[in-house]
């Protein structure tokens with residue numbers, strides 16, 4: 001479904017990514033893990049068109065994305081739930097969700113998708129008339145994921161969904177991601193909580209200082225001595 005081939009990404013003169021290659025097959029949940037500043041968010045930005053690789057290529061469903069703007073990538077079926085949620089604070093919960101269905105393709109199925117989102121996060125239905133800024137941190141993260149799902153993505157990309165949440169809420173968010181996995185939603189998960197991510201993912205890539213340091217099945221990486229020492233505190 002997604003093929004990233006040897007991309008380099010720069011911010012001005014600063015190089016953020018070196019020779020990044022990864023792939024995701026339909027129905028997989030693939031994790032991209034690493035420490036702060038490793039370049040994980042930049043990978044998602046390159047896939048979604050927010051930044052453009054200087055070298056290499058990004059292909060989605062056999063279509064090259066390098067020169068597509070972000071809204072066109074979204075229309076093709078790439079949904080990004082950004083780090084820090086980025087909800088519209090002075091719009092209601094329902095209005096935020098409806099903004100996720102902005103593209104023509106998503107609008108035609110908005111009602112059915114909304115039922116799916118409410119099934120995944122019932123609290124959003126209870127809060128549908130409430131201003132998004134008044135939701136709790138966990139509810140705002142559910143809203144951000146729900147808004148992303150409203151675009152009916154073929155590929156869902158989640159950037160640090162557990163960031164800043166209490167442990168109980170982290171468990172709830174990962175339970176929801178697990179539900180999506182059971183529904184065969186193809187997912188790229190960027191997550192600093194390496195243990196959570198590897199337990200959930202089929203495969204994973206470890207990013208260190210802008211380079212892929214390791215890749216393999218989740219079981220292989222959970223047993224890897226470097227991963228245990230650097231990320232799991234063992």
- prompt: How high is the relative contact order of segment 15-109, in percent, with contacts defined as C-alpha pairs under 8 Å that are six or more residues apart?
  reply: 18
- prompt: Which one, [x] 0.93; [y] 0.98; [z] 1.06, gives Cα Rg over 2.2 N^0.38 Å as derived from the coordinates shown?
  reply: [y]
message: Suppose the chain between residue 26 and residue 178 were pulled fully straight at 0.36 nm per residue; how much longer would it get relative to their current alpha carbon spacing?
response: 53.1 nm
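If you rank 102, 11 by fewest surrounding Cβ atoms within 10 Å, what's the result?
Lowest count first: 11, 102.
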query: What is the percent of Cα-Cα separations in segment 44-120 that go past 21 Å?
result: 38
message: How tilted is helix 137-149 with respect to the longest principal axis of the chain? Cα atoms for both, answer in degrees (0 to 90, nearest 10).
response: 90
- request: Calculate the tail of P(r) for segment 113-234: the fraction of all Cα-Cα distances greater than 26 Å, expressed in %.
  value: 26
task: Please give the calculated 222 nm ellipticity per residue for the chain, where each DSSP H segment of at least 4 residues contributes -39500 (n - 2.57) and the sum is spread over every residue; nearest 500 deg cm²/dmol?
output: -10500 deg cm²/dmol
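Which whole-number percentage describes the relative contact order of segment 87-153, with Cα contacts under 8 Å and a sequence gap of 6 or more?
Working: 79 pairs, mean separation 37.1, N = 67.
Relative contact order comes out at 55 percent.
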- request: Give the relative contact order (percent, whole number) for the chain; include only Cα pairs under 8 Å separated by 6+ residues.
  value: 28
Highest-MSF residue in the chain out of 96, 36, 66 [GNM, Cα springs under 10 Å]: 36
- prompt: What is the fewest-to-most order of 41, 187 by other Cβ atoms lying within 10 Å of their Cβ?
  reply: 41, 187
query: Gaussian network model of the chain, Cα springs within a sub-10 Å range: biggest mean-square fluctuation belongs to which of 48, 193, 108?
result: 108
query: Taking the alpha-carbon centroid of each part, what is the distance from segment 201-234 to segment 62-129 in angstrom?
result: 31
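Each reported figure results from applying straightforward, stated rules to the coordinates on display, with no laboratory input. As the structure is a prediction and not an experimental result, all values here were calculated from the model. Cβ: placed from backbone, ideal geometry, glycine included. Neighbour counts: every protein chain shown.
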